[in-house]
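The values are calculated or read from the model by the stated rules, or taken from the named source; none is laboratory data. Note that this is a predicted model, so its numbers are computed, not measured. Cβ placement follows ideal geometry from the backbone for every residue including glycine, while neighbour counts extend to all protein chains displayed.
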Protein chains: 2
Amino acid sequence: MRPLRRLIQIDEALSLIRKETKPITRLEIVSIADAYGRVSAEEIVSRVDVPPFARSAMDGYAVRASDTYGASKLKPISLRLGEVLYAGSVPKRKVKKGECAEIATGAMLPRGADSTVKVEDTERKEGHILFYEAIRRGQFVSARGTDISRRTRVVSKGDLLNPSKIGALAAIGREMIKVYSKPLVGVAPTGNEIAALGTRLRPGQVYNINSYTLAGALSANGADVRMLDIVGDSLQELQGLLKRNRDCDMIVFSGGSSVGERDLMADLIEVSGRLVFHGVAIKPGKPTVFGVVGGQLVFGMPGNPTACLSNAYVILAPTVRSMARVPLEPPRSVIARMSKRVVSTKGRTHFLTVRLEGGVAHPAFKESGAITSMAFADGYIVIPADVDLLVKGERVTVFLL
Amino acid sequence: MRPLRRLIQIDEALSLIRKETKPITRLEIVSIADAYGRVSAEEIVSRVDVPPFARSAMDGYAVRASDTYGASKLKPISLRLGEVLYAGSVPKRKVKKGECAEIATGAMLPRGADSTVKVEDTERKEGHILFYEAIRRGQFVSARGTDISRRTRVVSKGDLLNPSKIGALAAIGREMIKVYSKPLVGVAPTGNEIAALGTRLRPGQVYNINSYTLAGALSANGADVRMLDIVGDSLQELQGLLKRNRDCDMIVFSGGSSVGERDLMADLIEVSGRLVFHGVAIKPGKPTVFGVVGGQLVFGMPGNPTACLSNAYVILAPTVRSMARVPLEPPRSVIARMSKRVVSTKGRTHFLTVRLEGGVAHPAFKESGAITSMAFADGYIVIPADVDLLVKGERVTVFLL
């Protein structure tokens, strides 16, 4: 058995990881129907005008504004009604002086006309329309290209594609877009005590929990997750797994990173690549290992389910987002008061799970081996490394799970 | 042409929709690997203990606590070292009085032993281990069932499955879970002016934008989206579409709900089912229609892309979430100051899109026909119906897009 090396603070750990994290450069082409939440890998400049023609913004009458000059409440001007234009129909006739055309919202403005008057502001009389006020030229008309004009940049490289950006792509007729591939993250539970779901537990075994919790937390942050088979506690098996999964951008092992004789993670990384740190001053999650093997980020997470999942939120989520080029969303939080005194370990940042009841936070932590420390919790509080006591009733920020 | 009926306020509209909205009762069975973000349709009670055996929570030595009584810094007690127990291995021998076993975190406690002493607190000496303090019985041991005991409810009906709840299911060996089906929402653009992506625009036509913006906004809120073909402006075509998509829980039309002669949405709903409202006092989005046809919620959204998408956020998102039984997340917001005076229409709730620059909100709205009113915006502010003016510099809450 050997002790962990010098523990580093969580901020230092995150900064060391950040230094090794490279945004994904692989590209793929997706339909804009599937592009929601993806990150554009290209700048897209419109080659067309949207709308491609001047169109009416109201239901009413297309007129020449000059024909309405002099109109008033008492002295309306009467224009002869020509054709009726629906959205999608093509005007057949020019609107001449003294004429107007009935026009629907979105319909193409006929030649000659330059403005629309709302139907509510007019009156109809024997094939003529009465107008009661002079209007300005261009009223209620969307000129060609007012939404997007030719040569407008619609999407920039690195833009997160939300519904409205996807809408702008549709507007210019763009069907496909180059996006950055999602980071491919392999999740590998290690340990001879771990049994796959669907098998019968032998004495001494427990079910694989971490693959499932990690898959959820990683995919929620923009990763493609590859669930790998359970690997035994042997350097050879672990090396084999790394070799078979060279195409992953990141491998997350769980288990095998504590201080026992069989704690192989640090060895594995040292033998195969470069160990960056081993041991972080956090609770739970202390025996966390990180290194780089052939350009691949390799994490050794504690096997304890709560420690492993807590690390996924604190360490893996920002890392995956930065690889995926997706901005980090601040976790949702509420303010609560501690139900009781909590003693923390000075020198370690403590992530304490809590249940919320009417604005009061009750510690929910059992032990980091217990998944119910988190599954039966509503959120967690962060007790900084230099704080060793929360008093009963103290105001705390609870980050919601 | 005919006017909209009495406009109703947005709160009344939402409350009328809520009254007609039923949570989905259809079920499906999914693997827990795919259950992230789904809603459990069953209560799951554990039939097993987790852990299934007493296990060590530390790397160290399994002992009988009573053997350490009387130990002190100056007078250590020496116990003979028996077997070595790794996680996953099955103890072969009982720990007898005067003996101990080396044990790794997670390993099964051997018979006889009741406690673990951390390796750091001991010393090794010629096949014996020295213990320097008396420990309490049960120290660093997770008893059988401490995480989840038989008959514990692990997941309740209606629980949103987050990573830790999925982890708890894995812990009890559960592979599949019954979840509520996602609401199936058909999205149907209407209007003869709308052209499908990939086709060549004819004069008077614009591309279909709303199917893509709606698909993004709806799926982000828990819907399964069925993209339907563009339908022309005829009652018969619209009725045919409703008939063909009876299996949808909701149909969202866009276009055809303004006041023009061809505004068929209200007619369609009245003819086929029950019209609940036609016209909401919001800007943009006034000509919104809602009704129920054969148990299916039917929305007629304005064809204007910004009005349509704004409605998706304000009206459709809460409706879909309530059908999906997924709690509504408050939209992320920031506080900013208005860059200039904004005049609003009294009596209508106004959703104004803005760009953010260094804490200042600049109006981004062009016209509701312009998708770039939203695509080039960072968020929107809500101006209540009874407010008609924001002054320059006024503090506003910007809801991020």
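With respect to B:Gly167, determine if the residue is buried (at least 22 other Cβ atoms within 10 Å of the Cβ), small (Gly, Ala, Ser) and in contact with a Ser or Thr (Cβ under 9 Å, 6 or more places away or on another chain). Write out each step before concluding.
On the way: buried (at least 22 other Cβ atoms within 10 Å of the Cβ): yes; small (Gly, Ala, Ser): yes; in contact with a Ser or Thr (Cβ under 9 Å, 6 or more places away or on another chain): yes.
When the stated conditions are applied, B:Gly167 passes them.
What number of residues within the range B:45-88 are among the aromatic types (Phe, Trp, Tyr), more than 8 Å from chain A (Cβ to nearest Cβ) and not in a strand (DSSP E or B)? Give the derivation first.
From the range B:45-88, those among the aromatic types (Phe, Trp, Tyr) are B:53, B:61, B:69, B:86; that's our starting set.
Next cut, more than 8 Å from chain A (Cβ to nearest Cβ) only: B:61, B:69.
From what is left, the residues that are not in a strand (DSSP E or B) are B:69.
Of the residues in that region, 1 qualify.
Among strands (runs of 3 or more DSSP E) lying entirely in the range B:335-385, which contain 3 or more residues that are modelled with pLDDT under 95?
Values: elements: B:349-357, B:360-363, B:379-383.
Those strands (runs of 3 or more DSSP E) do not exist here; none qualify.
Pick from the range B:317-330 the residues that are exposed (fewer than 14 other Cβ atoms within 10 Å of the Cβ) and touching a helix residue (DSSP H, G or I) at 6+ places or on another chain (Cβ under 8 Å): which of them is farthest from the other protein chains (Cβ to nearest Cβ)?
Kept after step one, since they are exposed (fewer than 14 other Cβ atoms within 10 Å of the Cβ), are these residues of the range B:317-330: B:327-330.
Of the ones still in play, those that are also touching a helix residue (DSSP H, G or I) at 6+ places or on another chain (Cβ under 8 Å) are B:327-328.
Working: B:Pro327: 11, B:Leu328: 12 Å.
Going through the qualifying residues, I end up with B:Leu328.
Exactly one condition in (1) free of Cβ contacts under 8 Å to residues at least 12 places away in the same chain; (2) in a helix (DSSP H, G or I) is not met by A:Glu329; state its number.
All conditions pass for A:Glu329, except number (2).
Looking at the range B:347-356, which of its residues are surrounded by 14 or more Cβ atoms within 10 Å (Cβ to Cβ) and either within 30 Å of B:Thr21 (Cβ to Cβ) or basic (Lys, Arg) (or both)?
The initial filter retains those residues of the range B:347-356 that are surrounded by 14 or more Cβ atoms within 10 Å (Cβ to Cβ), namely B:348-356.
Across the range B:347-356, the qualifying residues are B:Arg348, B:Thr349, B:His350, B:Phe351, B:Leu352, B:Thr353, B:Arg355.
Just to be sure I understand the filter: pairs with C-beta atoms under 7 Å, separated by 6 or more residues or on different chains, first member in the range B:360-378 and more than 8 Å from chain A (Cβ to nearest Cβ), second member at pLDDT below 95 and assigned to a strand (DSSP E or B). Which pairs pass?
B:Asp378/B:Leu400
Run down B:Ser89, B:Ser46, B:Ser66, B:Ser56 and say which single residue is among the small types (Gly, Ala, Ser) and surrounded by fewer than 17 Cβ atoms within 10 Å (Cβ to Cβ).
Numbers: B:Ser89 fails: surrounded by fewer than 17 Cβ atoms within 10 Å (Cβ to Cβ); B:Ser46 fails: surrounded by fewer than 17 Cβ atoms within 10 Å (Cβ to Cβ); B:Ser56 fails: surrounded by fewer than 17 Cβ atoms within 10 Å (Cβ to Cβ).
Selected residue: B:Ser66, the only one of B:Ser89, B:Ser46, B:Ser66, B:Ser56 that is among the small types (Gly, Ala, Ser) and surrounded by fewer than 17 Cβ atoms within 10 Å (Cβ to Cβ).
Would the range A:5-13 turn up any residue that is in contact with a Ser or Thr (Cβ under 9 Å, 6 or more places away or on another chain), free of Cβ contacts under 8 Å to residues at least 12 places away in the same chain and away from chain B (no Cβ under 14 Å)? Steps first, please.
Restricting attention to the range A:5-13, the residues satisfying the condition of being in contact with a Ser or Thr (Cβ under 9 Å, 6 or more places away or on another chain) are A:9-11, A:13.
Now restrict to residues that are free of Cβ contacts under 8 Å to residues at least 12 places away in the same chain: A:11.
Imposing the further condition that a residue be away from chain B (no Cβ under 14 Å) reduces the set to A:11.
Yes: the range A:5-13 contains one or more residues that are in contact with a Ser or Thr (Cβ under 9 Å, 6 or more places away or on another chain), free of Cβ contacts under 8 Å to residues at least 12 places away in the same chain and away from chain B (no Cβ under 14 Å).
Sort out for me the strands (runs of 3 or more DSSP E) sitting completely within the range A:112-164 that have 3 or more residues that are more than 21 Å from A:Glu83 (Cβ to Cβ) and within 14 Å of chain B (Cβ to nearest Cβ). Steps first, please.
Details: elements: A:115-118, A:122-125, A:128-131, A:153-155.
Result: A:153-155.
Please verify whether the range A:18-33 includes one or more residues that are surrounded by 17 or more Cβ atoms within 10 Å (Cβ to Cβ), more than 12 Å from chain B (Cβ to nearest Cβ), assigned to a helix (DSSP H, G or I) and acidic (Asp, Glu).
no
Condition first: more than 29 Å from B:Ala171 (Cβ to Cβ), surrounded by fewer than 16 Cβ atoms within 10 Å (Cβ to Cβ) and either among the β-branched types (Val, Ile, Thr) or within 14 Å of chain B (Cβ to nearest Cβ) (or both). Can you find one or more residues in the range A:379-398 that meet it?
For the range A:379-398, residues more than 29 Å from B:Ala171 (Cβ to Cβ), surrounded by fewer than 16 Cβ atoms within 10 Å (Cβ to Cβ) and either among the β-branched types (Val, Ile, Thr) or within 14 Å of chain B (Cβ to nearest Cβ) (or both): present.
Can you confirm whether the range A:144-155 contains a residue that is closer than 30 Å to A:Asp67 by Cβ, in contact (Cβ under 8 Å) with a residue 24 or more places away in the chain and under 27 Å from the mean Cα position of the chain (by Cα)? Working first, answer last.
Taking the range A:144-155 as the starting set, the residues that turn out to be closer than 30 Å to A:Asp67 by Cβ are A:144-147, A:149.
Cutting the leftovers down to in contact (Cβ under 8 Å) with a residue 24 or more places away in the chain gives us A:144-147, A:149.
Those left that are additionally under 27 Å from the mean Cα position of the chain (by Cα): A:147.
Taking every residue of the range A:144-155 in turn, at least one turns out to be closer than 30 Å to A:Asp67 by Cβ, in contact (Cβ under 8 Å) with a residue 24 or more places away in the chain and under 27 Å from the mean Cα position of the chain (by Cα).
Out of the residues in the range B:96-111 that are more than 25 Å from A:Ala370 (Cβ to Cβ) and buried (at least 19 other Cβ atoms within 10 Å of the Cβ), state the one that is farthest from the other protein chains (Cβ to nearest Cβ).
Among residues in the range B:96-111 that are more than 25 Å from A:Ala370 (Cβ to Cβ) and buried (at least 19 other Cβ atoms within 10 Å of the Cβ), the one farthest from the other protein chains (Cβ to nearest Cβ) is B:Glu99.
Could you check A:Gly173 against (1) more than 30 Å from A:Asp49 (Cβ to Cβ); (2) at the interface with another protein chain (Cβ under 7 Å from one of its Cβ atoms); (3) assigned to a loop (DSSP other than H, G, I, E, B) and say which number it fails?
(1)
Counting just the residues of the range B:112-130 that are closer than 12 Å to B:Ala62 by Cβ and not β-branched (Val, Ile, Thr), which one comes out surrounded by the most Cβ atoms within 10 Å (Cβ to Cβ)?
So, considering only residues that are closer than 12 Å to B:Ala62 by Cβ and not β-branched (Val, Ile, Thr), the one surrounded by the most Cβ atoms within 10 Å (Cβ to Cβ) is B:Ala113.
Regarding A:Ala312, is this residue assigned to a strand (DSSP E or B) and either in contact (Cβ under 8 Å) with a residue 24 or more places away in the chain or buried (at least 22 other Cβ atoms within 10 Å of the Cβ) (or both)?
Numbers: assigned to a strand (DSSP E or B): no; either in contact (Cβ under 8 Å) with a residue 24 or more places away in the chain or buried (at least 22 other Cβ atoms within 10 Å of the Cβ) (or both): yes.
Taking the combined requirement at face value, the residue does not satisfy it.
If A:Leu401 satisfies every condition in (1) more than 30 Å from A:Glu193 (Cβ to Cβ); (2) within 27 Å of the chain's Cα centre (by Cα) but one, which is the exception?
Single failed check for A:Leu401: (1).
Given the conditions (1) assigned by TED's automatic domain parsing to the domain that holds B:Leu79; (2) buried (at least 23 other Cβ atoms within 10 Å of the Cβ); (3) acidic (Asp, Glu), report the number of the one that B:Glu193 does not fulfil.
Going through (1) assigned by TED's automatic domain parsing to the domain that holds B:Leu79; (2) buried (at least 23 other Cβ atoms within 10 Å of the Cβ); (3) acidic (Asp, Glu) one by one, B:Glu193 breaks only (1).
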